[in-house]
1. Considering the alpha-carbon set of the chain alone, what are its Rg and its Dmax in angstrom?
2. Through the Karplus equation 6.51 cos²θ - 1.76 cosθ + 1.60, θ set to phi - 60°, convert the phi angles of region 168-176 into ³J(HN,Hα) values in whole Hz; use x for Gly and Pro.
3. Counting DSSP beta bridges with both partners in region 1-103, what percentage is antiparallel, nearest 5?
4. Output needed: percent of Cα pairs per 10 Å distance bin for region 90-200, bins running from 0 to the one holding the longest distance.
5. May I ask you to evaluate 6.51 cos²θ - 1.76 cosθ + 1.60, the Karplus curve with θ = phi - 60°, for each residue of region 70-75 and list the ³J(HN,Hα) values in order in whole Hz, giving x for glycine and proline?
6. Relative contact order for region 132-189: what percent, with Cα pairs under 8 Å and sequence separation of 6 or more?
7. Only helical DSSP H runs with n ≥ 4 go in: add -39500 (n - 2.57) per run for the chain, normalise by residue count and round the 222 nm mean residue ellipticity to 500 deg cm²/dmol.
8. Give the distance, in whole Å, between the Cα centre of region 1-43 and the Cα centre of region 161-234.
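What follows is calculated from the coordinates using simple rules that are stated; it is not laboratory data. Just so it is clear, the model here is predicted, and its values are computed rather than measured. Reconstructed Cβ throughout: ideal geometry from the backbone, glycine too, with neighbour counts over all protein chains shown.
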Amino acid sequence: MKLLPLGVGDAFASRWYSTSLAIEHDGAWLLIDCPHPIRKMLREAGESSGVSLEVGDFEALVLTHCHADHCSGVEGYLFFEHFVRQRKGPLAAHPEVHEALWPQHLQAGMSQLLHADGCVSRHEAGDFISPIALTEHEAVQIGPFSVEIRRTIHHIPTFALRISAGGCSIGISADTSYDEGLLDWLFEADRVVHETNYGIHTPYQALADLPDERRDRMWLVHYPDDFDLDASVIEPLIQGRLYDV
Ligand SMILES: [Zn+2]
């Protein structure tokens, strides 16, 4: 698998885009979270990594939760799929994320369309989204990827991911407080991408205190603007750099 971080920052980042990841296996791609401006993020990460990626190229968008720094690009993503690609956007999430996404986030901007003849059409989530329900009970296959989820400790329903393909696997913490049970679950994967930040997020020091065996398999994302990249004892992912998992 390959991993391309499109953004590595938090909700308040001024140095980087908000955290979003593209994952590849055998020519197929998954998009993990979708902040605005997702097309600009794809273009810039593509330019620095030599990878050509566009909205509509993904097997699915996997959404961890409905905070804007993770989902603010979904309206534009789905409108691009609708108007340009003329298909429904495959969107994978836990049912609680699906249930909140339309009425609490997308409906205000997507429920009506004005047409050239002056007619207004009314729309529901099903007009734009091809939903894939992720479950905590079993892995769900999306293209070549097997996707498992686990609820994290966060303000709103949020789900960490374990993604496997071609005998390789990666765990992605999503937003979470420090959670040893989640860490044990994530570290069943070969590599782990973990968030770190202030407040209820996972403190850097808690991750820095992990055994070497875990720190060496971990990458950091969702770090604040003042995070000291050079001093970190865990490798921070760099926006726009292509990684082998
Ligand atoms: Zn969040």
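1. According to the Cα coordinates of the chain, Rg and Dmax are 17.5, 64 Å.
2. These are the phi-based 3J(HN,Hα) values: 10, 8, 9, x, 10, 6, 6, 7, 7 Hz.
3. Working: 10 of 16 bridges.
Around 60 percent of the beta bridges assigned by DSSP in region 1-103 are antiparallel ones.
4. Computed distribution, short to long bins: 13, 35, 29, 15, 7, 1.
5. 10, 10, 5, x, 5, 4
6. Rounded, it is 26 percent for region 132-189.
7. On the way: 8 runs with 50 residues, N = 245.
The helix-only estimate for the chain comes to -4500 deg cm²/dmol at 222 nm.
8. Here the answer is 16 Å between Cα centres.
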